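The structure appears below as structure tokens.
The values are calculated or read from the model by the stated rules, or taken from the named source; none is laboratory data. All values derive from a computational prediction rather than experimental measurement. A quick note on method: Cβ atoms are made from the backbone with ideal geometry, for glycine too, and the neighbour counts reach across all protein chains shown. Side chains are part of the model used for accessible areas, which takes the heavy atoms of the whole protein and leaves out ligands, DNA and RNA. Shrake-Rupley method; radii C 1.70, N 1.55, O 1.52, S 1.80 Å.
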Amino acid sequence: MTRIVEAAQTRFGRPVQKVTAPGGEGRSSFRLHFGDMDVIATLRPTVRRTHLEAFVLERLRLHSDDLPKCLGVVGEVLFQSDVGRRRLNQEIVRHADSSQLDLAAQAVAAIFRLQSAARRTEFQHMLPVLGDSNAWVTNLVEGVDTLQPYSMGIDNRFDRAAAAERLANPGRQFVKWDCRSGNAALDRAGRLRCFDFEYSGLRHGAEDFAWLIGDEAWPIAPDKMVDVMIDAFDPGCGYRIDDYLDYLSVYLTFHCVQRFKLIVKEARKRGWLSKERVRKYDDAGVHPEFAMQICRVGAYFAAQSPITAPLTRNFDGAVDSFEAILRDGRSLKSA
């Protein structure tokens, strides 16, 4: 905290009046309150991530208003504009169904605009390719075994090699990564912007939407999100919409498995958390209802592709298991 405040006072030439932690004290970002403005200061685990994020913000901001302004870097600390305190993950549950869909449409449109803006930069030749190793893809596919204790065994018809082939080397388009709803906020005028670009890189592009739809705290049904995707689809991304949605379905299936793994791991370690706490601190969705939600999303998207269709019953079985856990009030350790 001392390093951040000293860096801020060096950069802006005036004292910081107050510091708050929007994501909790253990996170890397803090809101610095000056007399006439608020600034977000971020101290990433590595200098490389700090400078990558600053580079992405500066270049994208030339073509898009859907992200914060980079206000400078001092040592290891990145300063950026405050895009608002109304985080999307909390804001969306305060609205009725129709308004929730409007917010979902804003989020999807913003991601497509960011990717379009990135195509007007040099990112394709400069950013790292994400998930570009066989080990990364294999780990993604093999994660399905996490579902076995909560459902029947993995169907023999599930072809792991075919799944890995579909996920490997899918493209070289900009992805923000980690587009969960907790990483977007609305300002006082209701304008939505995305933040946290430290993991940006290159891949297919649909992964960003997988992070949004495959957010266990996201309250919108998967079939409705597909309708939102179809309405907002940007043909400038270079894919036909049917192929794009097919890849999204396959990737999102395994993304849901990864989120499920995280929930199970954290529930065993910490016990269940309240949904309010999860949303407030943008934490992993360590609540039985969130576990059920991610499995429902996984089941829906698994059913959309022949590659992943055999996994549908595993997701359905996991939903039933966690429904029983919720009904009986059990911890995961005793389940």
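Please arrange 2, 42 by accessible surface area, largest first, computed with a 1.4 Å probe and ligands excluded.
Values: 2 95, 42 0 Å².
Ranking 2, 42 by accessible area, largest first, yields 2, 42.
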Handout entry: Under the Karplus curve 6.51 cos²θ - 1.76 cosθ + 1.60, θ = phi - 60°, whole-Hz ³J(HN,Hα) for the stretch 122-133, x wherever Gly or Pro sits
Key = 9, 4, 4, 9, 10, 8, x, 7, 8, x, 9, 10
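Averaging over all projection directions, find the projected area of the Cα convex hull of the stretch 23-167 and quote it in nm² with one decimal place. Kindly include the intermediate steps, with their values, before the conclusion.
Details: hull surface 54.3 nm².
Projected area, direction-averaged: 13.6 nm².
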Exercise for the section: Would you calculate, for the chain, the mean residue ellipticity at 222 nm contributed by helices, counting each DSSP H stretch of 4 or more residues as -39,500 (n - 2.57) and dividing by all residues, to the nearest 500? Expected result: -14500 deg cm²/dmol
Practice task
Wrap a convex hull around the Cα atoms of the stretch 116-246, take a quarter of its surface area, and give that in square nanometres.
Solution key: 10.2
Completion exercise
Binned at 20 Å from zero, the C-alpha pair distances of the chain give percents of 30, 58, 12, 0
Handout entry: C-alpha center-to-center spacing [the stretch 96-139, the stretch 26-63] in angstrom
Key = 19
Exercise for the section: Beta carbons within 10 angstrom, averaged per residue: use that to sort the peptides 216-224, 257-265, 132-140, highest first. Expected result: 257-265, 216-224, 132-140
Problem - Scattering curve values for the stretch 243-314, log₁₀ I(q)/I(0), Debye with Cα scatterers, q = 0.15, 0.18 Å⁻¹ - result: -0.52, -0.68
Problem - Rounded tilt (10° steps) of 241-270 against the dominant C-alpha axis of the chain - result: 80
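So how much slack lies between residue 125 and residue 34, counting 0.36 nm per residue of separation and subtracting their Cα-Cα distance, in nm? All intermediate terms of the calculation are to be shown ahead of the outcome.
On the way: separation 91, 0.36 × 91 = 32.76 nm, distance 3.83 nm.
Difference between extended and current length: 28.9 nm.
Please give me, ordered by residue number, the trypsin sites (Lys or Arg not before Pro) of the stretch 290-335 that lie in loop per DSSP and have at most 12 other Cβ atoms within 10 Å. Display every interim value, and only then the final one.
On the way: sites: 296, 313, 327, 330, 333; in loops: 330, 333.
For trypsin sites (Lys or Arg not before Pro) across the stretch 290-335 that sit outside H, G, I, E and B with at most 12 neighbouring Cβ atoms in 10 Å, the list reads 333.
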Practice task
Give me Rg over Rh for the stretch 186-335, both radii from the alpha carbons and Rh done the Kirkwood way, two decimal places.
Solution key: 0.99
Exercise for the section: With r as the distance between the Cβ atoms of residue 328 and residue 19 and R0 = 35 Å, compute the FRET efficiency 1/(1 + (r/R0)^6) and round to 0.05. Expected result: 0.20
Fill in the blank from the handout: Rounded to whole Å, √(5λ) for the Cα gyration tensor eigenvalues of the stretch 128-181, largest first, gives 25, 15, 9
